[in-house]
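K.L.:
I'd like to ask some things about the structure below.
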Amino acid sequence: MKVLVLNAGSSSLKFSLTDTNSRSHEIKGAVERIGLPDPALRLGKKTTTINARDHRQAMQEVLKIIPAASVEAVGHRVVHGGSFTASSPIDEGVLARLEAFSHLAPLHNPANIAGIKAALEALPDTPQVAVFDTAFHQSMPEYSWRYAIPRQLADEHGYRRYGFHGTSHRYVSNRLAERLGKPLAELRLIVLHLGNGASASAVMNGKSIDTSMGFTPMEGLVMGTRSGDIDPGLVLELARSLGVDEAGALLNKQSGLLGLAGYSDLRDLHQAISAGDENAKNALSVYTYRIKKYIGAYAAAMGGLDAIAFTAGVGENDPEVRRLSLEGLGFLGVELDEQANRAGGPRISRPSSRVEVWVIATDEELAIALDTERVLKS
């Protein structure tokens with residue numbers, strides 16, 4: 001099946017035409033700066049200036065590259081699935097439910113919905129599926145997803161840990177099992193999806209039993225601009241002193257590495273460290289220490305550990321982050337092969353390491369396409 005995969009951001013529309021039979025991307029690109037000056041279509045190394053006042057116009061530009069007749073289905077990345085426990089065909093009822101809880105992921109879901117509406121208008125007769133970042137984590141046991149707040153209030157409003165990046169965590173855990181040559185159902189794995197947004201997951205016997213992001217994508221690891229774990233008492237103090245909206249903006253857009261050192265991109269952070277910036281050095285320590293804590297916690301939660309996978313932009317490309325995150329974990333059976341790590345792997349643990357460590361490229365577009373096909377065929 002040929003699936004048009006769409007990942008809509010507030011000012012972008014990433015797309016691919018993915019063949020699920022060959023598991024390859026025939027076309028892959030993005031419309032960038034939607035609604036901003038000088039919007040552009042990026043296709044490979046070529047960038048062309050276009051008209052893209054909104055996602056509707058961006059979708060029209062995409063269909064100039066990918067003929068509508070070649071699209072058998074459309075798969076949409078949706079960050080927050082709310083009460084959805086699995087990917088779902090899109091109809092008016094599903095769209096209404098998505099709009100009802102879009103406030104739970106204000107940086108992502110409104111843009112995801114804009115992309116869905118644009119695609120429904122442009123391809124009204126093509127089946128379309130919403131693939132949720134949260135779905136993979138619906139297997140978490142209640143003691144993992146429930147917050148210790150009044151039960152009736154939590155159940156009434158859906159206040160619980162949802163988890164995100166599920167499409168990536170599911171794809172990478174399957175690829176890791178293939179690398180290990182063992183059934184996924186027999187393994188205890190930790191997947192570290194490290195990008196500008198970052199999350200860890202504990203995958204036991206093929207199911208997510210815990211993940212670092214929670215009710216929103218703000219919980220857990222330190223990220224590019226998000227704080228990650230923080231004392232709720234401090235959140236209340238920030239809300240009192242700054243106001244709720246300003247506190248939310250601070251924790252979402254002005255914290256994390258940006259707040260610690262002034263850089264949200266790890267490449268810039270490393271350059272600053274090389275130049276002797278102590279704040280940047282400290283920020284990297286805070287960032288990698290948090291990752292290490294989660295590795296230890298998830299190994300304990302699963303009663304042991306077979307393998308760790310690093311993935312996404314930072315996880316796949318930053319050997320120093322990988323090294324610092326694994327430093328001191330010899331007691332768990334982790335032995336890093338420094339040379340392999342600097343070379344980018346794919347296996348970066350020594351042959352003697354009881355816990356194997358791999359660098360595995362994620363492919364969320366392929367995962368979305370495969371899930372779209374599965375949903376429509378079922």
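Every read-out reported here was derived from the displayed coordinates using simple, explicitly stated rules and does not represent laboratory data. It should be emphasised that the depicted structure is a prediction, and the values quoted were computed from it without experimental measurement. Cβ: placed from backbone, ideal geometry, glycine included. Neighbour counts: every protein chain shown.
K.L.:
Could you go through region 343-350 in sequence order and give the Karplus-derived ³J(HN,Hα) for each residue, using 6.51 cos²θ - 1.76 cosθ + 1.60 with θ = phi - 60°, rounded to whole Hz, and x for Gly and Pro?
P.N.:
7, x, x, x, 8, 10, 9, 6
K.L.:
So for S212, S201, fewest C-beta neighbours within 10 Å to most, what's the order?
P.N.:
Result, fewest neighbours first: S212, S201.
K.L.:
Rounded to whole Hz and in sequence order, give me ³J(HN,Hα) for region 286-296 from the Karplus expression 6.51 cos²θ - 1.76 cosθ + 1.60, θ = phi - 60°, writing x for Gly and Pro.
P.N.:
The phi angles translate into 4, 4, 7, 4, 5, 4, 4, 4, 5, 4, x Hz.
K.L.:
Output the 0 to 90 degree angle, nearest 10, between the alpha-carbon long axis of helix 244-253 and the longest principal axis computed from the alpha carbons of the chain.
P.N.:
80 degrees
K.L.:
Report, for region 33-165, the % of DSSP beta bridges that are antiparallel, rounded to 5.
P.N.:
55 percent
K.L.:
Each residue of region 357-373 in order: what ³J(HN,Hα) in whole Hz does its phi give by Karplus 6.51 cos²θ - 1.76 cosθ + 1.60, θ = phi - 60°, with x for Gly and Pro?
P.N.:
10, 10, 9, 10, 5, 7, 9, 5, 5, 5, 4, 5, 4, 5, 5, 4, 4
K.L.:
Within region 2-132, count lysine pairs with alpha carbon atoms under 21 angstrom apart where the residues are 8 or more positions apart or belong to different chains.
P.N.:
Summing the qualifying lysine pairs gives 16.
K.L.:
Go ahead and estimate [θ] at 222 nm for the chain from helices alone: -39,500 (n - 2.57) per DSSP H run with n ≥ 4, summed, over the residue count, rounded to 500.
P.N.:
Using -39500 (n - 2.57) per qualifying helix, the result is -12000 deg cm²/dmol.
K.L.:
What's the angle, to the nearest 10 degrees (0 to 90), between helix 232-242's Cα axis and the longest principal axis of the chain?
P.N.:
60 degrees
K.L.:
Fewest to most neighbouring Cβ within 10 Å: what's the order for H103, H55, H270, H157?
P.N.:
H157, H103, H270, H55
K.L.:
Let me ask another. With a 10 Å cut-off between alpha carbons and a GNM built on the chain, which of T288, T126, T211 moves the most?
P.N.:
Greatest mean-square fluctuation among the candidates belongs to T126.
K.L.:
Roughly what % antiparallel, to the nearest 5, for the DSSP beta bridges in the chain?
P.N.:
In the chain, approximately 65 percent of DSSP beta bridges are antiparallel ones.
K.L.:
Once you keep just the Cα pairs under 8 angstrom separated by 6 or more residues, what percentage relative contact order results for region 2-132?
P.N.:
Dividing the mean separation by the residue count of region 2-132 yields 27 percent.
K.L.:
Further question: Starting from the coordinates of the alpha-carbon atoms of region 2-132, obtain the Kirkwood hydrodynamic radius over all distinct pairs and give the value in Å to one decimal.
P.N.:
Result for region 2-132 stands at 14.8 Å.
K.L.:
Of all DSSP beta bridges located in region 183-359, what percent are antiparallel, nearest 5?
P.N.:
55 percent
K.L.:
Please state the charge dipole magnitude for region 183-359, taken about the Cα centre, from unit charges on C-beta atoms (+1 on K and R, -1 on D and E), reported in debye and rounded to the nearest 20.
P.N.:
With only Lys, Arg, Asp and Glu charged at Cβ, the dipole is about 300 debye.
K.L.:
Within the set of other residues whose C-beta is less than 9 Å from the C-beta of A135, count the net charge using Lys and Arg as +1 and Asp and Glu as -1. Please report the intermediate quantities before stating the final value.
P.N.:
On the way: positive: R170; negative: D133, D371.
Cβ neighbours under 9 Å give a net charge of -1.
K.L.:
So, with +1 on the Cβ of K and R and -1 on the Cβ of D and E, and no other charges, what is the size of the charge dipole of region 176-270 about its Cα centre, to the nearest 20 debye?
P.N.:
For this selection, approximately 340 debye.
K.L.:
Further, regarding this structure: Rounded to whole Å and sorted largest first, list the principal axis extents of the Cα atoms in region 183-359.
P.N.:
Here the spans come out as 52, 39, 24 Å, largest first.
K.L.:
With +1 assigned to the C-beta of every Lys and Arg and -1 to the C-beta of every Asp and Glu, and no other charges, what is the dipole magnitude of region 17-81 about the Cα centre in debye, to the nearest 20? Intermediate results must be reported in sequence, preceding the final value.
P.N.:
On the way: 10 positive and 7 negative charges, 37 e Å.
Magnitude of the dipole: close to 180 debye.
K.L.:
Report, to one decimal in Å, the Kirkwood hydrodynamic radius for region 305-364 based on all distinct Cα pairs.
P.N.:
Its Kirkwood hydrodynamic radius stands at 11.2 Å.
K.L.:
So what's the angle, to the nearest 10 degrees on a 0 to 90 scale, between helix 55-65 and the longest Cα principal axis of the chain?
P.N.:
The answer is roughly 80 degrees.
K.L.:
Right, next: Given N residues in the chain, what is Rg(Cα) / (2.2 N^0.38 Å)? Provide the component values of the computation, followed by the final result.
P.N.:
Numbers: Rg = 20.7 Å, N = 378, 2.2 N^0.38 = 21.0 Å.
In units of the 2.2 N^0.38 Å rule of thumb, it is 0.99.
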